[in-house]
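Bear in mind these aren't lab numbers, they're just calculated from the coordinates by the rules spelled out. In this text, all values refer to a predicted model and were calculated from it rather than measured experimentally. Every residue, glycine as well, gets a Cβ built from its backbone with ideal geometry; the counts of neighbours run over all protein chains shown.
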């Protein structure tokens, strides 16, 4: 009589990734280092954002780009907190996260804030495209309620439905969609949306960048301040594209991983490590975007001041 191995009922019946081949610590330790670094950068971004500006005028006088920075930093920070907890739990115990409800909670949080960040960057890409193509600004409603409802509300509804269907659990390296019961949900909730949004953002980025290049050449050939308002729109669109570039860096490897996984289950291990590193440095990338925005704003302010300041030497020569 042949002994048959029972089929796994859920992710808890699957061995942790890296235990058998000795790459266990090579997965979790770099992930934790990246997560801690990302969280630190997210906190620094929030502190610097509110350092020179009043939180009371956040919705009234802060630019969209400045508010986007804050929303992205919040997504990164909350994502890092939940992801650090499950990685550290697995690293210390060298086993899956127990109790099961805690693992499901970690999975819920990861889906919520990962999806929120992806959707937010997609809105930013659309906003930049509309701004540069039609010179119109998308209205997000009072206190950005439309933006926040879509960005955080839609993932919350989806994650709640997934939780009700028992889709969250261990996936071998962390708590996310259950490796057994949630594989289909992960494909339709994470892999397919990220691939679609990544492709959409790439097309929007190219079209926006192309129009910016054309508009810049026209402005360079024009005289006077006739194109001042258009210059402002171009600067705003260029700033928003920085978020899209950061998105490509952070989620490009995961998009490739998802596409590869659809074709074949044998994903190269180096790609797996790259995904672990890049997907956990969102806070670092967001801080870089924030610093570039601040530098550009500072440079624009100096340029405008120089333009508006009369030439003392010229005035004196006329006297």
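Results, tabulated for the structure shown:
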item	result
Average projected area [Cα convex hull, the chain], square nanometres	21.6
Rounded to whole Å, sorted largest first: equivalent-ellipsoid semi-axes of segment 23-164, Cα gyration tensor	32, 18, 13
Added length on full extension, which subtracts the Cα-Cα distance from 0.36 nm per residue, residue 298 to residue 60	83.6 nm
Listed peptides 120-128, 54-62, 177-185, 154-162 by packing density, highest first (mean Cβ within 10 Å)	120-128, 177-185, 154-162, 54-62
Efficiency of FRET from Cβ geometry, residue 192 and residue 13, R₀ 25 Å, rounded to 0.05	0.45
Principal-axis tilt of helix 24-51 within the chain, Cα atoms, nearest 10 degrees	30
Square roots of 5 times each gyration tensor eigenvalue, C-alpha, segment 144-301, largest first, Å	38, 18, 15
Order of 191, 23, 142, 114 - criterion: other Cβ atoms within 10 Å of each residue's Cβ, fewest first	142, 23, 191, 114
Stretch gain in nm, segment residue 248-residue 218, where the contour uses 0.36 nm per residue and the Cα spacing is subtracted	7.9 nm
Principal-axis tilt of helix 64-93 within the chain, Cα atoms, nearest 10 degrees	20
Compactness relative to 2.2 N^0.38 Å, alpha carbon Rg of segment 1-92	1.70
Cα-based helix-to-principal-axis angle, 269-278 vs the chain, degrees rounded to 10	50
MRE, 222 nm, helices only [DSSP H, n ≥ 4, -39500 (n - 2.57), over the chain, to nearest 500]	-24000 deg cm²/dmol
Which of 44, 289 has the fewest Cβ neighbours within 10 Å, and the rest in rising order	44, 289
Cα-based shape type of segment 239-282, given that a ≥ b ≥ c are square roots of the gyration tensor eigenvalues and the cut on a/c is 1.5	oblate
FRET efficiency, residue 210 to residue 51 (Cβ-Cβ, R0 35 Å, nearest 0.05)	0.45
